[in-house]
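Below is one structure, written out as structure tokens; the observations come after it.
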Amino acid sequence: MLRDRFMSDLKEAMKAGDKPRLGTIRLMQAALKDKDIEARGAGKGPLSDDEILQLLQKMVKQRQESAKMYADGGRPELAEQEAAEIAVITAYLPKQMDEAEAKAAIAAVIAETGAAGVKDMGKVMGELKARYAGQMDFGKASPLVKQLLG
């Protein structure tokens with residue numbers, strides 16, 4: 001489904017002459033093609049929508065780091081370019097949970113799995129990743145899980 005959306009948005013950007021958006025969509029398709037080739041080499045099929053969302057999240061994270069480095073290095077024009085790419089990529093991601101929503105989701109999963117301590121953190125994180133892939137930043141969720149279990 002996401003692949004079809006990439007193609008239709010690519011055509012739309014071409015017709016509109018939106019070069020920044022067009023370039024970003026092409027970057028996303030190139031990254032997707034690389035991952036598909038990698039998966040094929042490992043004997044797997046094309047990436048699922050969940051795997052594509054993970055790839056897009058990784059791309060956003062890379063661009064956030066780059067934008068910060070550019071801003072710190074006195075290159076605001078490059079930081080703005082990275083921010084524009086982030087805006088295009090995040091349009092394909094589901095809405096991210098805020099901290100309150102994440103805490104509520106984590107508390108619910110802890111209650112459902114019967115997690116009692118930090119030793120059950122892996123079980124809780126696995127369930128969170130299965131349910132909230134693309135909606136939750138697991139780098140920020142991990143300390144919250146630890147806090148709620150500890």
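Pairs of Lys residues in segment 1-139, spaced 8 or more positions apart or belonging to different chains, with C-alpha separations under 22 angstrom: 24 in total. Dividing the helix sum by the residues of the chain, where each DSSP H run of 4 or more adds -39500 (n - 2.57), gives a mean residue ellipticity at 222 nm of -26000 deg cm²/dmol.
Distance between the modelled labels on D34 and L93, one decimal in nanometres: 1.8 nm (7 Å Cα→Cβ projection). Hull volume per residue, based on the alpha-carbon atoms of the chain and their convex hull, is 144 Å³.
Between R5 and A111, how high is the FRET efficiency from 1/(1 + (r/R0)^6) when r is the Cβ-Cβ distance and R₀ = 25 Å? Nearest 0.05.
Numbers: r = 36 Å, r/R0 = 1.43.
Taking R0 as 25 Å, the efficiency between R5 and A111 is 0.10.
The order of the peptides 38-44, 92-98 by mean Cβ neighbours within 10 Å, most packed first, is 92-98, 38-44.
Relative contact order of segment 1-127, taken over Cα pairs closer than 8 Å and 6 or more residues apart, is 20 percent. Kirkwood's formula applied to the C-alpha pairs of segment 15-74 gives a hydrodynamic radius of 13.3 angstrom. In order along segment 111-124, the phi-based Karplus estimate (6.51 cos²θ - 1.76 cosθ + 1.60, θ = phi - 60°) of 3J(HN,Hα) comes to 5, 5, 7, x, 5, 10, x, 4, 5, 8, 4, x, 5, 5 Hz; Gly and Pro are listed as x.
Just so you know, all these numbers are worked out from the coordinates, no wet-lab data involved. Here the structure is a predicted model, which is why all the values come from computation and not from measurement. Glycine gets a Cβ as well: all are built from the backbone with ideal geometry, and neighbour counts include every protein chain shown.
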